[in-house]
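Engineer: Can you read through this structure? Questions will come right after.
The values are calculated or read from the model by the stated rules, or taken from the named source; none is laboratory data. Keep in mind it's a predicted model, so treat the numbers as computed, not measured. In this analysis, Cβ positions are derived from the backbone assuming ideal geometry, glycine residues included, and neighbour counts consider all displayed protein chains. Ligands, DNA and RNA are excluded from the accessible area calculation, which covers all protein heavy atoms including side chains. Shrake-Rupley method; radii C 1.70, N 1.55, O 1.52, S 1.80 Å.
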Amino acid sequence: MLAATSLFAGMDALAKLLMAADYSVIQVLFFRAGFGLIPLAPLLWQNGMRVVATARPWAHVARSAIALLAVGCFFLAIHRLPLVQVTAIGFAAPLLVTALSVPLLKERVGRDRWLAVAAGFGGILVVAGPDAWTGDLLGAGAAFAVAGTVLYALAMVLMRDMGRTEAAVTTVFWFSILTMVLTGAALPLVWRVPDPSAWGLFAAAGILGGTAQLLISQAVRLAPASVVAPFDYFHIVASSSLGWLLFSEMPGSSTLAGAMVVMASGLYLLRTERKPPPQ
């Protein structure tokens with residue numbers, strides 16, 4: 001899980017570099033998905049295409065479309081905000097999963113969990129700060145980060161339901177294929193011929209993202225999710241380090257304080273995950 005979060009932070013930094021060089025987010029998403037298939041190649045070579053066979057194609061379409069929008073929003077956010085700020089806002093996804101599981105999965109959530117969710121959302125407002133919301137729609141980086149978090153949480157809820165029948169490699173494969181199809185349709189409108197250095201960044205971003213997805217799947221297979229999930233918070237260390245090294249971004253006190261509130265709320269929810277639901 002530590003390796004996966006580090007690779008995801010690296011992918012975000014590479015996407016930020018590409019968009020700073022005026023490559024469209026659609027082009028970044030297309031190549032991220034295409035090169036993200038490379039880490040799957042050994043599995044497909046060893047086991048054949050039967051490992052990605054599915055009896056729920058429309059579930060993959062819905063989940064992939066939502067996840068694609070989530071990643072697109074996150075990329076647009078990191079183009080406008082420091083990496084660590086977007087990462088901290090994204091930590092609210094587990095809180096939203098708890099909220100969404102009530103109407104979508106008919107799960108029961110106690111008052112203490114709702115209080116943790118509310119505290120986490122308060123932390124998001126502290127992380128974003130007033131400056132993150134200024135400007136028009138395309139300039140409101142925090143709005144994209146929050147939208148991405150909501151969409152990612154919805155994708156996680158759908159993934160929780162699909163996990164009963166679908167293997168992780170199946171989900172990763174179809175997400176990559178469907179992302180290429182959906183972004184490929186719009187690619188001619190924004191196409192810009194990459195220079196040699198950009199090709200390297202596109203390839204690296206895709207390989208890092210695809211590898212990270214497989215590593216998370218392996219981490220959850222080796223240990224319970226409640227044990228593995230807290231290590232995802234290492235993402236903020238990796239993001240702040242890369243933001244400082246590559247973009248001279250220094251997290252402010254409000255960002256760090258709000259991130260601590262969001263992380264504490266998420267950890268509390270994880271701690272109560274194994275408790276029986278209220279009667």
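Engineer: Leaving out ligands and nucleic acids, and using a 1.4 Å probe, what accessible area per residue does the chain come to in Å²?
Structural biologist: 48
Engineer: Just the number, please: carbon plus sulfur as a percent of the accessible area of the chain, 1.4 Å probe, no ligands or DNA/RNA counted.
Structural biologist: 71
Engineer: So what's the gap between the Cα centers of the range 214-263 and the range 135-185, to the nearest angstrom?
Structural biologist: After rounding, the separation between the Cα centres reads 19 Å.
Engineer: Taking the Cβ of Trp174 as the center, what net charge do the other residues with Cβ under 11 Å away carry, scoring Lys and Arg +1 and Asp and Glu -1?
Structural biologist: +1
Engineer: Note down the relative contact order for the chain as a percent, whole number, built from C-alpha pairs under 8 angstrom at least six residues apart.
Structural biologist: Averaging sequence separation for qualifying contacts and normalising by length gives 43 percent for the chain.
Engineer: What accessible surface, in Å², does a 1.4 Å probe find on Ile236, ignoring ligands, DNA and RNA and rounding to the nearest 10?
Structural biologist: 20
Engineer: Per residue of the range 18-24, what does 6.51 cos²θ - 1.76 cosθ + 1.60 with θ = phi - 60° give for ³J(HN,Hα)? Whole Hz please, x for Gly and Pro, Karplus curve as stated.
Structural biologist: 5, 6, 5, 8, 6, 8, 5
Engineer: Can you compute the charge dipole magnitude of the chain about its Cα centre, using +1 on each Lys and Arg Cβ and -1 on each Asp and Glu Cβ, nothing else charged? Give it in debye, rounded to the nearest 20.
Structural biologist: 880
Engineer: Now a separate question. Round to the nearest 10 and report in Å² the accessible area of His79, as given by a 1.4 Å probe over the protein chains' heavy atoms.
Structural biologist: For His79, the solvent-accessible surface is approximately 80 Å².
Engineer: Find how many whole Å separate the alpha carbon centroid of the range 76-92 from the alpha carbon centroid of the range 1-74.
Structural biologist: That distance is 18 Å.
Engineer: Please name which of Gly200, Ala88, Tyr152 has its Cα lying farthest along the dipole of the chain towards the positive end, using unit charges on Cβ (Lys, Arg +1; Asp, Glu -1) and the Cα centre as origin.
Structural biologist: Of the candidates, Tyr152 comes out farthest on the positive side.
Engineer: Return a whole-number percent for the relative contact order of the range 1-131, with Cα pairs under 8 Å and 6 or more residues apart as the contact set.
Structural biologist: Reported relative contact order: 25 percent.
Engineer: Still on this model: Note the full-extension length gain between Leu43 and Val61 as 0.36 nm times their separation in residues minus their Cα-Cα distance, in nm to one decimal.
Structural biologist: 4.3 nm
Engineer: How large is the accessible surface of Tyr268 in square angstrom, using a 1.4 angstrom probe and rounding to the nearest 10?
Structural biologist: Here the accessible area works out near 70 Å².
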